[in-house]
Structures are given as structure tokens and as C-alpha cells.
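Down below is the structure, laid out as C-alpha cells.
The values are calculated or read from the model by the stated rules, or taken from the named source; none is laboratory data. Please read these numbers as outputs of a predicted model, since none were measured by experiment. Neighbour counts run over all protein chains shown; Cβ positions are idealised from the backbone, glycine included.
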Ligand code: KG4
Ligand code: ZN
């Protein structure tokens, strides 16, 4: 079964072609120019998706050597995300489905992240604990089977990636902050300063990152960072901050794994590209844990993961009529509700 998939929920325009669960092509265009604004500007993101989507679709089909007639289903991220950005990919994908007279499968972006570790020959077995860490989301989920999820915890304020981006902004080292902090931390000392990791009473699996962010802000004032700036100092702050965030993600994931007696752990979303995070979680392998982290191109937003979950969603669905291009009841209206797994 050939799937043509789209992802435009934020600042990546991505188009993928899959043959069953195998990704043939996964083209990702990151809108790097948002860095000059210190964050994603929704209006500009939408316009750029609009500018690029046709060209990327043509490239994806030609690179995978798949002609229009071979497409069996079309999929796109339908929620959650920036509304204008979502609408570009969603409407484009729906139009293709209608014109080719093939089913259209709407995809929840969080679900796509959960199953991104399935784009591999070494897939997690059910049940597994899924940690989703990106610029917009931080979620700890127990995945019992396909589409059978229990959200164990979420962030009560900032997402993990958002904290990386905001701290990088305070340090004046660029955007997006995650990869830059990751790189600079390699020359820093994790014990340079202890930034606090929050415990939320009665909610052992919830996260909070705004406290860490505020304590970095106060610390920078206290040491008069602006006038005492040096590469070593910046590296030390990055390493200590990164340690605090990753430690919190690691501890809570491990706690969930122990509580539910599940040794399969999958980590996905942009922050799962973090080298310190990978090192910490990989260390668990020697204790019998199975750790799954998608390869780099499937960690940040990509259409490959959208196509993969669309394939399973369609294949496992008992009522395929709901995906018909003739149905006007397609449940693909972007919503702002994050808890609609
Ligand atoms: O999944 P993603 O591409 O988009 C969202 O759905 O949000 O994640 C982007 C986030 C950004 O906040 C970025 O700073 C973070 O992932 N990120 C990282 C790293 N690479 C990307 N955070 C920490 N370390 C990294 N190496
Ligand atoms: Zn994402």
C-alpha cells in the first residue's frame, strides 16, 4: 500500500512516500529563518508551507519513483499545531485525495511522534512507555497497543524543548536552542550549578520546566552574565541546565517504567535528538531495558511518521468508509485540544 503523507503543523514542511510501513522518501524543509525572530512566527510559517508544498510533493514522488496512480491513501497531520500551518497541509492533502479518488487519513501529531520509533526494523513491542519531548509537548504515555494509550503525565507549564529554546535566548546563543545547548554542553561541567527540577505533589509523572527557566534567569543576573560572559561560562551554564532538564525526564520515565513494570521505553520528538539524553537512556540497556529512539530524521517533525501511523490507522480500521474521499464527515478539523490521542 502506497501512502503519500504531509506534515505542516509548525515550522517544518515535510512530504513522505511510504510503501506499507517502509519510508521510501521523507523530505523535510525546516524554516530556519524564524531564528531571526527568536521563535516561530505562525503567519510566516503558513505562507512558507504554501510556497513550498507543491514543489516538495513533486520531489517526493519523483525521488520515490511513484506516480500518482499508485497512491493508495493520502494522510496529513490534522491536530494539534498552528492552525494556519495545519490548514495548508491538511487542505492540500484532502484535495489530492479527492482528485485521485483515494481515502484520506487524518493524523494526530502526538500519535505520529509516539510511533516514529516504528520506522525501523527494531520496533518496540507492546506495551511500552513513550516519552514525547518536543518544542510544543512533553508527555509520558503508557502505550498498550495501537491506539490504546494512557497519558500518565504532561507538562504543567513549558515543554522541554521550549525551555531549551528560551534559555538559549537568555544566553544569546541562537534559535532553536536545543541543538546549540547540546553542542556547547559538551565543553561544560554539569556540576557547575544546580538548577532545580520540580516535583509536582500528587502528580509524580507531570513535568514543570518554567522553574528551571526562571532560576537560570536569576542566576544570570546574580553572576552579571552580560559583563562576565566567556565561552567556558556559557558552556558550564548550558551543561548544568541541560543536566537538570534531562535528569527530570529520565527520572520520571524510569519511575513510570518501574511502576507499570514495562521495560520497553521509546523516546521521540525533537528533544530526543539530544546527545546527553541518548547517553543517559542508553545506559539503561545494560540493566535489561529496551530503549527505542528514532533515527535523526524522524525525531523532529517529519511526514514519514505521519505516513507510518496513517498506514496502521487505515489498515487496522474496521470501518474504512470513514476515510472515503466522498465522505464529508472526515474528522480532520484542526483542534487546539492537546489531549485527543
Ligand atoms: O519535534 P519538534 O521538531 O517540533 C515540535 O513538535 O515542537 O521539536 C523541536 C524542539 C525545539 O524546541 C528544539 O530546540 C528541540 O526540539 N531540539 C533539541 C535538540 N534538537 C532539537 N533539544 C535538545 N537537544 C537537541 N539536540
Ligand atoms: Zn512535533
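List of remarks:
- Only listed residue being more than 15 Å from ligand 1 (Cβ to nearest atom), buried (at least 23 other Cβ atoms within 10 Å of the Cβ) and under 26 Å from residue 267 (Cα atoms), chosen from 114, 73, 129, 110: 129
- Selection from the stretch 134-153 of residues that are within 16 Å of ligand 2 (Cβ to nearest atom) and without any contact (Cβ under 8 Å) to a residue 60 or more places away in the chain: 139
To keep it simple, each residue is scored yes or no on (1) modelled with pLDDT under 95; (2) under 18 Å from the mean Cα position of the chain (by Cα); (3) surrounded by 15 or more Cβ atoms within 10 Å (Cβ to Cβ); (4) assigned to a helix (DSSP H, G or I).
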| site | (1), (2), (3), (4) |
| --- | --- |
| 167 | no, no, yes, yes |
| 180 | no, yes, yes, yes |
| 183 | no, no, no, yes |
| 195 | no, no, yes, no |
| 201 | yes, no, no, no |
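- Of residues in the stretch 203-221 being over 20 Å from the mean Cα position of the chain (by Cα) and within 16 Å of ligand 1 (Cβ to nearest atom), the one modelled with the highest pLDDT: 216
- Across the stretch 101-116, the qualifying residues are those that are touching a strand residue (DSSP E or B) at 6+ places or on another chain (Cβ under 7 Å) and within 14 Å of ligand 2 (Cβ to nearest atom), and the one among them that is nearest to residue 297 (Cα to Cα) is 116.
- Check on residue 247, over 18 Å from residue 21 (Cβ atoms), surrounded by fewer than 14 Cβ atoms within 10 Å (Cβ to Cβ) and within 16 Å of ligand 1 (Cβ to nearest atom): no
- Total residues in the stretch 167-177, condition more than 9 Å from ligand 1 (Cβ to nearest atom) and without any contact (Cβ under 8 Å) to a residue 60 or more places away in the chain: 2
- Within the stretch 22-46, the residues that satisfy the criterion of being at pLDDT below 95, more than 16 Å from ligand 2 (Cβ to nearest atom) and either outside any helix (DSSP H, G or I) or farther than 20 Å from residue 135 by Cβ (or both) are 38, 41.
Yes/no per residue for (1) within 16 Å of ligand 2 (Cβ to nearest atom); (2) without any contact (Cβ under 8 Å) to a residue 12 or more places away in the chain; (3) crowded, with 17+ Cβ neighbours inside 10 Å:
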site: 237; (1), (2), (3): no, no, yes
site: 279; (1), (2), (3): no, yes, no
site: 291; (1), (2), (3): no, no, yes
site: 309; (1), (2), (3): yes, no, yes
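- Filter result (away from ligand 2 (no atom under 16 Å from the Cβ) and surrounded by 16 or more Cβ atoms within 10 Å (Cβ to Cβ)) within the stretch 264-276: 264, 265, 276
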